[in-house]
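Engineer: Here's a structure for you.
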Amino acid sequence: MTDTPAQREYFLDSIRAWLMLLGIPFHISLIYSSHAWHVNSATPTWWLTLFNDFIHAFRMQVFFVISGYFSYMLFLRYTRQKWWKVRVERVGIPMLTAIPLLTLPQFIMLQYVKGKTADWQALSLYDKYNTLVWELTSHLWFLLVLVILTTVSLFIFQKMRNSVRSPRADFYASLTPLKFIALFALAGVLYGTFRRALLLGWEPVLRDGLFNFTVMQTLFYLPFFLLGALVFKYPALKAKFLTLSPTYVVGALLAFIAYLLNQRYGSGDAWMYETESVITMVMGICMVNVVFALGYRLLNSHSPRVTYFVNASLFIYLVHHPLTLFFGAYITPHIASNTLGFLCGLVFVVGLAIVLYELHLRVPLLRFLFSGKPQKRPAPAPSAG
């Protein structure tokens with residue numbers, strides 16, 4: 001444990017915030033894409049579908065690398081017990097808060113939007129439970145995965161911390177971009193093989209929301225989370241990702257083309273999802289280099305405006321989803337142009353989210369519930385002389 005504060009990584013703070021905020025145009029573009037969602041426009045638009053696919057193909061992989069980076073950094077600062085408590089509170093409390101305040105009202109609204117209120121009574125007890133797991137977890141799934149990864153990392157990070165000097169440092173420093181791509185492609189193959197085995201031997205479990213979030217999502221993002229920790233531990237490895245590599249750039253481009261082809265020609269009854277796991281693993285590791293290198297070059301400085309959105313990003317992300325669905329259900333049908341609708345959606349959702357953020361800052365209880373951070377009591381006013 002150390003109390004020495006690490007040098008502020010402004011570019012990583014910024015990247016993490018913007019990746020989270022990128023969820024807003026992602027979900028708004030989903031309304032106007034060719035992908036079926038809770039709410040969709042009358043006709044899809046090709047460029048918004050392409051834009052949506054691009055964001056979806058890499059955003060969360062890079063996000064979990066940064067989460068792993070900061071998690072290991074804090075692990076070195078605290079005792080194991082305090083680290084686990086702090087990390088779980090920071091992600092678990094906002095998640096539990098958002099369920100009754102955001103995703104439950106969102107679920108009720110969608111029942112009326114889709115006209116499924118009468119169907120609810122016809123569902124079996126398990127189907128009701130499973131539906132609630134999917135719908136109430138909703139866009140909060142990454143917070144649940146972070147709680148699980150934090151718990152698993154109690155043991156992994158301890159072993160990493162104990163290995164002060166290790167030949168692994170030379171191994172990681174020697175990995176070329178092609179070797180990294182091959183390793184993550186192999187991880188995608190292993191993940192896809194596991195999924196296919198479940199599909200053949202126990203297919204219903206893949207439709208279970210709790211299993212999907214706690215097992216499948218955790219397994220997929222575990223390599224990226226651990227990569228983030230390794231990037232913090234080994235400066236030589238970090239330097240590799242802060243230098244833009246043509247191999248990673250070309251790899252990201254080819255992976256995205258493969259992703260689009262798989263979306264266009266793949267079949268869910270065949271190997272579409274297994275193939276996607278390999279493609280998005282490769283896309284993820286390539287975009288880690290692209291995003292880190294560009295972020296280091298363009299965002300590695302202090303800015304009050306950026307700091308504001310870094311602090312606001314989690315709250316804005318949490319509230320944007322029901323706002324987006326409200327916009328899609330009640331406003332989108334009245335806007336003829338999809339492009340105009342997308343731009344209006346950005347203004348509507350971002351504007352209201354910032355207003356709600358400012359309002360919640362004025363209520364200490366809400367500040368705590370949406371951040372997981374204990375609120376300091378104001379210092380007592382000095383008594384008059």
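The values are calculated or read from the model by the stated rules, or taken from the named source; none is laboratory data. Since the model is a prediction, treat every value here as computed from it, not as a measurement. With ideal geometry, Cβ positions are generated from the backbone for all residues, glycine too; neighbour counts draw on all protein chains shown. The accessibility values were calculated without ligands, DNA or RNA, using every heavy atom of the protein model including side chains. Shrake-Rupley method; radii C 1.70, N 1.55, O 1.52, S 1.80 Å.
Engineer: What nm value, rounded to one decimal, do you get for the distance between Lys114 and Ala236 when each label is placed 7 Å out toward the C-beta?
Structural biologist: About 5.2 nm, to one decimal.
Engineer: Among Phe327, Leu369, Gly251, which residue has its Cα furthest toward the positive end of the charge dipole of the chain, with +1 on Lys/Arg Cβ and -1 on Asp/Glu Cβ?
Structural biologist: Leu369
Engineer: Same structure again: Starting from the Cα-Cα distance between Trp47 and Tyr78, subtract it from 0.36 nm times their residue separation and give me the gain in nm to one decimal.
Structural biologist: Working it through step by step, the gained length comes to 6.5 nm.
Engineer: Okay, next question. Roughly speaking, what is the centre-to-centre gap between the stretch 126-202 and the stretch 71-120 when only Cα atoms are used, to the nearest Å?
Structural biologist: 19
Engineer: Lys and Arg at +1, Asp and Glu at -1: add these up for the other residues within a Cβ distance under 11 Å of Gly228 and post the number.
Structural biologist: Result for the neighbourhood of Gly228: +3.
Engineer: Also, I was wondering about something else. With labels modelled as points extended 7 Å from the Cα through the Cβ direction, what inter-label distance (nm, one decimal) is found for Lys159 paired with Ala336?
Structural biologist: Going from the Lys159 label point to the Ala336 one covers 6.3 nm.
Engineer: OK, next. Dipole of the stretch 122-276 (Lys/Arg Cβ +1, Asp/Glu Cβ -1, origin at the Cα centre): which of Gly192, Met272, Gly209 lies farthest to the positive side?
Structural biologist: Gly192
Engineer: If you don't mind, another one. Looking at the stretch 97-212, what % of the alpha carbon pairs are farther apart than 24 Å?
Structural biologist: The answer is 54 percent, as a whole percent.
Engineer: Here is a further query. On full extension of the chain, what length is gained from Thr193 through Ala169, given 0.36 nm per residue of separation minus the C-alpha to C-alpha distance?
Structural biologist: Taking Thr193 through Ala169 to full extension adds about 5.6 nm, to one decimal.
Engineer: Once you keep just the Cα pairs under 8 angstrom separated by 6 or more residues, what percentage relative contact order results for the chain?
Structural biologist: Relative contact order, the chain: 32 percent.
Engineer: Round to a whole number: what % of the accessible area of the chain belongs to carbon and sulfur, probe 1.4 Å?
Structural biologist: Ligands and nucleic acids excluded, carbon and sulfur give 67 percent.
Engineer: Right, something else. Which of the helices in the chain meet the span-like rule: DSSP H, Cα axial reach of 30 Å or more, Kyte-Doolittle mean at least -1.0?
Structural biologist: Sorted by number, the helices that extend far enough and score high enough are 141-162, 177-201, 272-298, 304-330, 338-361.
Engineer: Here's a follow-up. Size of the dipole of the chain about the Cα centre, Lys and Arg at +1 and Asp and Glu at -1 on the beta carbon, nothing else charged, in debye to 20?
Structural biologist: 1420
Engineer: Over the alpha-carbon set of the chain, divide Rg by the Kirkwood Rh and report the Rg/Rh ratio to two decimals.
Structural biologist: Using Cα coordinates only, the ratio equals 0.97.
Engineer: Largest first, how would Ile31, Ile108 line up by accessible area (1.4 Å probe)?
Structural biologist: Ile108, Ile31
Engineer: Could you order Ile156, Ile55 so the one with the most accessible surface comes first? Probe is 1.4 Å.
Structural biologist: Ranked from most to least accessible, the order is Ile156, Ile55.
Engineer: Work out how much length Arg297 to Leu254 would gain on full extension: take 0.36 nm times their residue separation and subtract the Cα-Cα distance, in nm to one decimal.
Structural biologist: Length gained, Arg297 through Leu254: 13.1 nm.
Engineer: FRET efficiency for Ala122 and Glu203, Cβ-Cβ distance as r, R0 = 25 Å, nearest 0.05?
Structural biologist: That gives a FRET efficiency of 0.65.
Engineer: Counting heavy atoms of the protein chains only and a 1.4 Å probe, report the per residue accessible area for the chain as a whole number of Å².
Structural biologist: 50
Engineer: In the stretch 240-382, how does Rg compare with the Kirkwood Rh, expressed as the Rg/Rh ratio over alpha carbon atoms?
Structural biologist: My calculation of the ratio gives 1.09.
Engineer: Non-local amide H neighbours of Ser34 (under 5 Å, H modeled in plane, Pro and chain starts lacking H): which ones?
Structural biologist: It is Thr45, Thr49, by chain and number.
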